[in-house]
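Since the structure comes first, as structure tokens, the remarks are kept for the end.
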Amino acid sequence: MKRLFPFLFVLLSGLSCKQDSLGPLNGVLVVYSDSLAEFIDAGGIDNLHLIVETVDPEEVFNFSFAATSQFQGTLKERRIILLLLAPSEADLIPGNLEQDDNGVYIGENVWALDQQVFAVVIDPESPVLSDVLPGYLEDAYNLQMTNYVYKSFVSTGMSSEVRIDSLAELGFTIDIPKSFLTAFWIPESGFIQYHRQPDDESFLLFSILVMKTEAELTDSNAVLAREAMARNYFFDASADSVDRARVSSAQISINGLQGLELTGVWRNPEYLNAGSFTARVFDIGDEWYILDMEVYNPGREKEPYLREGWIIMDTFLKE
């Protein structure tokens with residue numbers, strides 16, 4: 001048994017030496033072989049760029065780049081790393097990455113904690129990126145956001161079991177992080193709202209509305225319901241409206257529930273302000289459940305806050 005002690009000491013020491021991953025939550029470090037530089041410069045990874053329409057189109061990922069010869073030091077501690085390697089450098093793929101059916105090598109916590117690493121071997125003569133890579137990167141970003149919202153926000157746990165229990169009495173649960181303060185608690189009207197103020201210039205409203213209706217859940221009806229919720233329940237928002245020309249809608253299936261996801265722009269001409277929102281509307285029996293994140297962050301990015309809303313909405317469960 002004593003012979004295992006040195007091995008265990010080395011193993012535990014190796015684990016303890018890893019630092020938390022670094023960089024923005026949506027940061028993707030692309031590490032590439034020199035022979036692929038022209039391919040990248042010519043737009044070879046353009047299909048990895050995802051856009052979310054907020055008040056303006058916003059890039060989902062924050063890409064940075066490093067050649068394999070530069071890949072050392074704190075660069076190895078980035079949150080999300082994508083290795084694009086020529087066949088001659090395939091041996092640079094870490095041994096603890098596993099190749100999936102799409103030819104993508106995937107691993108976690110390779111050089112840092114809470115890190116996702118992907119690797120693809122590309123033939124310089126016919127460089128082809130896997131169509132699944134954008135989805136993989138977005139999943140990694142979602143995981144980073146989940147860790148931020150529920151595990152590492154201001155270095156403390158943000159999941160609120162007490163709050164989950166209080167909502168369960170209303171027939172559903174959703175994990176609202178402790179960083180959101182309860183602003184309106186009107187369960188008799190089916191309305192609950194939480195606020196978070198990231199800084200002096202921005203404000204987030206996460207709202208839940210349960211409404212009785214026999215209406216068909218369509219794009220236009222969902223927009224009308226979301227607009228009515230804001231006008232009737234949000235503070236000083238009777239003039240709020242949804243910009244119909246700038247709303248996207250998609251069918252969603254979350255935790256066994258079917259519904260619509262809206263993302264668009266809200267405006268308030270009375271106060272000359274505007275912002276972005278995202279809402280999910282579920283039709284359950286004779287009730288609609290509207291989950292909504294409204295973002296006010298003038299002149300700055302909205303996408304991370306919308307994604308924060310999606311992460312929270314993903315925890316919604318109907319009893």
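Just so it is clear, none of the values below were taken in a lab; they were calculated from the coordinates. From a predicted model like this one, the values you see are computed outputs, not experimental measurements. With ideal geometry, Cβ positions are generated from the backbone for all residues, glycine too; neighbour counts draw on all protein chains shown.
Percent antiparallel among DSSP beta bridges with both residues in the chain, to the nearest 5? The antiparallel proportion sits near 75 percent. Look at (1) 53, 46, 44; (2) 64, 56, 39; (3) 74, 56, 31: the one that is Cα extents along the principal axes in Å derived from this structure is (2). Separation of the stretch 76-113 and the stretch 280-311 by C-alpha centroid, Å? First find each Cα centre; the distance between them is then 34 Å.
Normalised by the number of residues in the chain, the average gap of Cα pairs under 8 Å and 6 or more apart makes the relative contact order 14 percent. The Ile106 and Glu53 beta-carbon pair, evaluated with R₀ = 35 Å, returns a calculated FRET efficiency of approximately 0.75.
About the Cα centre, and with charges only on the beta carbon of Lys, Arg (+1) and Asp, Glu (-1), how big is the dipole of the stretch 15-152? Nearest 20 debye, please.
With only Lys, Arg, Asp and Glu charged at Cβ, the dipole is about 680 debye.
Exposure proxy shown here: for Ile45, Ile80, the number of other Cβ atoms within 10 Å sets the order, fewest to most, as Ile45, Ile80. Of the residues Thr74, Gln99, Leu260, the one whose Cα sits farthest towards the positive end of the charge dipole of the chain is Thr74 (charges of +1 on Lys and Arg Cβ, -1 on Asp and Glu Cβ, taken about the Cα centre). Say a paramagnetic label sat at a point 7 Å from the Cα of Ser253, along Cα to Cβ; which residues of the stretch 161-198 have their backbone N under 16 Å from it? Answer for the stretch 161-198: none. Taking every C-alpha pair closer than 8 Å and separated by at least 6 residues, the mean separation divided by the residue count of the stretch 15-152 gives a relative contact order of 30 percent.
Highest first, please rank the peptides 220-233, 278-291, 181-194, 245-258 by the mean number of other Cβ atoms sitting within 10 Å of their residues.
Numbers: 220-233: 17.9, 278-291: 19.9, 181-194: 14.9, 245-258: 12.6.
Listed from highest to lowest mean packing, they are 278-291, 220-233, 181-194, 245-258.
Placing +1 on the Cβ of every Lys and Arg and -1 on the Cβ of every Asp and Glu, with nothing else charged, gives the chain a dipole about its Cα centre of roughly 1080 debye. For the stretch 159-318, the convex hull spanned by the alpha carbon atoms encloses 110 Å³ per residue.
Among the lysines, select those whose C-alpha is under 16 Å from the C-alpha of Lys76, and discard any that sit fewer than 8 residues away in the same chain. Within the straight-line cut-off, Lys76 pairs with Lys18.
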